């Protein structure tokens, strides 16, 4: 243990010594992770689920061609995959940030953050 402040290991030991406090911290972490996951899922469901609804409501979109390829196939076969990869990248990056914030919380107020400011951006 260091002379000033708490180490992350000491704070984790404090959580084991105070199970109610540990439950509050872990519940907060899980709630933040769940909120992030449901947000990403909602955006993907709205965008990808909205495509069939748009094709059903606007019949002209079903027969529209772009460079000789049907617009429906182009959107579902080409545009959907980069959207999924982008959503996954966004989710992983923000989930790691939530975990890093949780680790910084365990490290105590006197210790510098785990990642530098340049790493957080």
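Where a number appears in this text, it was derived from the coordinates with a stated rule and is not lab data. All values derive from a computational prediction rather than experimental measurement. Every residue, glycine among them, receives a Cβ derived from its backbone with ideal geometry; neighbour counts consider all protein chains shown.
If I take R0 = 30 Å and measure r between the Cβ atoms of residue 37 and residue 78 in this structure, what FRET efficiency does the formula 1/(1 + (r/R0)^6) give, to the nearest 0.05?
0.70
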| note | Taking r as the C-beta separation of residue 23 and residue 85 and R0 as 35 Å, the FRET efficiency to the nearest 0.05 is 0.45
| So if we plug the beta-carbon distance of residue 70 and residue 47 into 1/(1 + (r/R0)^6) with R0 = 25 Å, what FRET efficiency do we get, rounded to 0.05? | 0.85
| said: Given points 7 Å out from each Cα along the Cα-Cβ axis, report the residue 54 to residue 105 separation in nanometres with one decimal. | reply: 3.8
